[in-house]
2 protein chains.
Amino acid sequence: MIYRKFAHSDLMSEEELLQVHQASLEVLEKNGIELAHETARKILEKNGARVEGEKVFIPGKLIEEQLAKAPREFTLHARNPRNNVLIGGDNTALAPGYGAPFVMDLELGKRRNSTYADYVNFTKLSGASEYIDVVGGVLVEPTDLPDEQRHAQMYHAAVKYTDKAVMGSALGEKKARECVEMAAIVHQGIEFVKEHPVLLSLINTNSPLQLDRRMMESLLVYAEYKQPMVIASLSMTGTTAPVTLAAALVQQNAEVIACISIAQLVNPGAPVIYGSASSVVDLKTGGLAIGSPETALMFSGTAQLARYYKIPSRGGGSLTDSLLPDAQSGYESMFLFMAAVQSGFHFILHAAGLLENYMTMSYEKFIIDDEICGMVKKYFEGITVDRDHLGVETILHVGSGGNYLGEDHTFAHMRDMRLPLISSRKAYYSGKIPDTSANAGKYCQELLEQYQGPPLDKKIENELLTYIKGIKK
Amino acid sequence: MIYRKFAHSDLMSEEELLQVHQASLEVLEKNGIELAHETARKILEKNGARVEGEKVFIPGKLIEEQLAKAPREFTLHARNPRNNVLIGGDNTALAPGYGAPFVMDLELGKRRNSTYADYVNFTKLSGASEYIDVVGGVLVEPTDLPDEQRHAQMYHAAVKYTDKAVMGSALGEKKARECVEMAAIVHQGIEFVKEHPVLLSLINTNSPLQLDRRMMESLLVYAEYKQPMVIASLSMTGTTAPVTLAAALVQQNAEVIACISIAQLVNPGAPVIYGSASSVVDLKTGGLAIGSPETALMFSGTAQLARYYKIPSRGGGSLTDSLLPDAQSGYESMFLFMAAVQSGFHFILHAAGLLENYMTMSYEKFIIDDEICGMVKKYFEGITVDRDHLGVETILHVGSGGNYLGEDHTFAHMRDMRLPLISSRKAYYSGKIPDTSANAGKYCQELLEQYQGPPLDKKIENELLTYIKGIKK
């Protein structure tokens, strides 16, 4: 968790912001949004929208009324209440990389399909991290598990190996309901689940201006149970979104506020996070250019729009286009992570582990990014200014040309400094080869060997395992 | 040059800021500052300070009166007027690494003493850079030149291989006067020099609370000619500064505002930059911990104090403790560079090339940092919001489920994107090994082979060479 003492930066003037908002309403009124689900279309139609086939044309007034119902902040409950996470205010909650189909193997040194064993490992690393607040979801894709079991096994691993707040799966109605039922086992009753956010799920639009059936079903189930959702656009400039950033924001905003409005119509006050996973495409090569300033600018615009609607926001992460945990991986990840925190996001997904945009989770990169999280956290916490920390008496005591090493003031405060977990500096002093990536790999292996997860109640675990066994295709 | 569209962030509340200011005045009144130069002491004494030996106790009122005389901004003139640099406002001017005694050899792959040939190479790289605004000074230490010639040869290389704005040397009275005289040759007359800032020099205090003779002499000469100076504290927490950041700011501030006041007493309105090169020490090892959040926090406090005094500020850079251009080097450099720009510095020294804190210049790192400069520049420039960039007509034309690839709007704007100079992505598509550092080395060699500096007038060059030949020990 990062507590932001520095104020966020605004990308746009208030007038520019309003132009983006108005343009989004114009798009929703004139083009509308295609929703591959009849219930959703009916809900909107009943409230004044016009439906033609799968397309729903939504009046701006309806959107604005619904946006006003979304809560400004909410608490995501963990099985250990000390790990509850307040989403909103000056908090920036962190979650690791999400959805990678590949893992960079520590020993092989190259990428392979990710497995359930990797899922468990990254869950343990997230549990051990001082900075990661939310685990679960598709931390990596457990490609060796049958499809109908994956969401359930992932949820089980998240609550077994950590007691942190957890993400759910947005893979259609059946799986969403199964996630809710498993959460009811862990939190000992569906009543608790109905009254408390316990599963945070990701709903992504299909750009431009569509939402598919699986996502729509999940949205309806989670809204019904008032479980929080990140509602995000995942568009790519120049291909599934316009090439200018202002226009990409307009389209993204149209998609996100339409879906937030549906959630509010289903269950007024349903907790939502305004999200973006929109990316930039290098049209010269056709490849994603995640590690680019344009991505950082999209973060900034996204967070500002969410602030305007008084809804918590999500974006960012320690993202890179690099294939290796090299210098580029370092500077791109830090760039986007800093920009994300500076933008004022309340929830940062992909805070640790990803290489090659969203394709590959790396053990070394996870440790390196955890360091990045710690550095940025300490920076945004600012400094303490009081008579003791101003140290005038000590300065006068030491005087011109003196030395502070032996001062009581130095001893009293020398442990306030954040020391790095890994760094070539550290390795240098210990006489080893100073490469951060190798250090990180070694540190990672030690961490996995030593990790002792918080025990999960045996009865709850047995109930969960029985439930999972019972899941049919 | 970076143009900051985003507002800067303030580290401290106004009340906290005033506490730091007041504490600094208290230190200057009760402990004073030791000045190893009689003229400087006399000037202060004549204006109401009390002198005891080398120590000068300065009343707060005198300091505040002098600070008010320093200009809010000024223009540093280059031999090519198109490269003049406005220091102040929302500008952040960039200069490369400064003062390294070692160079990481491109072919050897390890560090060795830096030479004049390296000085010329890094001057060429700075000339070729789209982002570097100010060259010269001790870009690297030309350890193979005799001491009495170095400042002159460095100045000559800076104006011969580039036509950008130039730094001078602060190595005592004789060398400062020689720099002024050489500038008079380049700018064709001492009258121009007297009326225009043409040499930016670095004056560093000797922490705690001292200024040595060589620096004091340089300060007096440059103030006499109204040539701009960065007046900076170079203290280290826990050793030559207090360990808490608030107290380190108090001591730094006392040193800097005392020296700025002397410059204003010598020549009211002399252009100065409020600077900091203060560093953090890892007291566990005794080594510098430049790449730390505490360094970033010092940046932020420094910039805010300078804003309070309405004086341009200097700090930051792409700094790292790493010994190699690896992941750590990437994330630390980007972290500190982002923090420096976000803090609102007007002049960033060490923007490119340094490894191992201030010890080693690296060719690969210079190229990598140039990329960092470009990314951060593009980010801080923000986005354009107007009817064309909002793209509503294009969004309506493409519609739900469409594709933007063939749109006129896409063709019209696809070149607005900043593409990276180096990246493993680029290498990946060309089928080579994707390591940024190797790419950067290759790119650097090409750049050096192709570089054609702007021609320097033959007459001026001959005059400069004759002048340099005449310099005696």
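The values are calculated or read from the model by the stated rules, or taken from the named source; none is laboratory data. Predicted model only: the values in this text are computed from it and were never measured. We place every Cβ from the backbone using ideal geometry, glycine too, and count neighbours over all the protein chains shown. Surface accessibility is based on the protein's heavy atoms, side chains included, excluding ligands, DNA and RNA. Shrake-Rupley method; radii C 1.70, N 1.55, O 1.52, S 1.80 Å.
Things worth noting here:
- Between the range B:30-93 and the range B:198-218, the Cα center-to-center distance that results, in Å: 11 Å
- Dimensions of chain B based on its C-alpha atoms, expressed as ranges along the principal axes with the largest first, amount to 79, 56, 47 Å.
- Pairing chains B and A buries close to 9100 square angstrom of accessible surface in total, based on protein heavy atoms and a 1.4 angstrom probe.
- Charge-dipole axis of chain A as Lys and Arg at +1 and Asp and Glu at -1 on Cβ define it, positive-most pick from A:Ile368, A:Val140, A:His346: A:Val140
- Euclidean distance between Cα centres, the range A:240-259 to the range A:115-141, Å: 31 Å
- Point-to-point label distance, B:Lys472-B:Glu173, nm (Cα→Cβ direction, 7 Å offset): 1.7 nm
- Rotation relating B and A, chain A residue nearest the axis via C-beta, angstrom: A:Gly330, 1
- Each residue of the range B:332-345 was assigned a 3J(HN,Hα) from its phi angle through the Karplus expression (A = 6.51, B = -1.76, C = 1.60, θ = phi - 60°), giving 5, 4, 5, 4, 6, 5, 4, 4, 5, 5, 4, 5, x, 4 Hz with x at Gly and Pro.
- Here the protein assembly as shown exposes an accessible surface that is 51 percent carbon and sulfur, computed with a 1.4 Å probe and the other protein chains kept in place.
- Shown here are the Rg and Dmax of the Cα trace of the range A:210-327, at 15.2, 47 Å.
- Under 18 Å from the Cα of A:Lys310 - aspartates and glutamates, other chains or at least 8 residues apart: A:Asp10, A:Glu14, A:Glu15, A:Glu16, A:Glu64, A:Glu65, A:Glu73, A:Asp90, A:Glu255
- Seen from B:Gln188, the other residues with C-beta closer than 12 Å to its C-beta sum to a net charge of -1, counting Lys and Arg as +1 and Asp and Glu as -1.
- Acute angle (nearest 10 degrees) that the helix A:116-128 long axis makes with the longest principal axis of chain A, alpha-carbon atoms: 60 degrees
- Anchor B:Lys160: lysines whose Cα lies under 20 Å away (excluding residues fewer than 8 positions away in-chain): B:Lys124, B:Lys175, B:Lys458, B:Lys459, B:Lys469
- Taking Cβ atoms as reference points and 11 Å as the exclusive limit, the residues near B:Gly353 contribute a net charge of -3, counting Lys and Arg as +1 and Asp and Glu as -1.
- Under 5 Å, built H, 5+ apart or other chain: amide partners of B:Val230: B:Ser201, B:Leu202, B:Ile203, B:Ile273
- Counting Cβ atoms of other protein chains within 10 Å of each residue's Cβ and taking the mean over peptide B:289-297 gives 6.
- Sequence-distant lysines (8 or more away, or on other chains) whose Cα lies within less than 20 Å of B:Lys377: B:Lys5, B:Lys164, B:Lys365
- Environment charge of B:Ser437, counting only residues whose C-beta is closer than 9 Å and scoring Lys/Arg +1, Asp/Glu -1: -3
- Table column - 3J(HN,Hα) (Hz), the range A:288-300, Karplus curve with 6.51, -1.76, 1.60, x for Gly and Pro: 5, 10, 5, x, 10, x, 5, 4, 4, 5, 5, 3, 5
- For A:Ile43, the solvent-accessible surface computed with a 1.4 Å probe is close to 40 Å², ligands and nucleic acids excluded.
- In order through the range B:13-26: 3J(HN,Hα) via Karplus (6.51 cos²θ - 1.76 cosθ + 1.60), integer Hz, x for Gly, Pro: 5, 4, 5, 5, 4, 5, 5, 5, 4, 5, 4, 5, 4, 4
- Estimated from helices alone, the mean residue ellipticity of chain A at 222 nm is -14500 deg cm²/dmol (sum of -39500 (n - 2.57) over DSSP H runs with n ≥ 4, per residue).
- Relative to the Cα centre, the charge distribution of the protein assembly as shown, modelled as +1 at Lys and Arg Cβ and -1 at Asp and Glu Cβ, gives a dipole magnitude of about 200 debye.
- Helix B:245-266 vs. chain B, principal-axis angle (Cα, 0 to 90°, nearest 10): 70 degrees
- Long-range amide H partners of B:Val243 with built H, under 5 Å: B:Gly238
- With a cut-off of 12 Å on the backbone N, the residues of the range B:174-207 near the modelled label site 7 Å out from B:Lys459 along Cα-Cβ are B:188-189.
- Label point 7 Å beyond Cα along the C-beta direction, distances from A:Pro455 to other copies (nm, shortest first): 8.5
- Per residue accessible area of chain A, 1.4 Å probe, in Å²: 34 Å²
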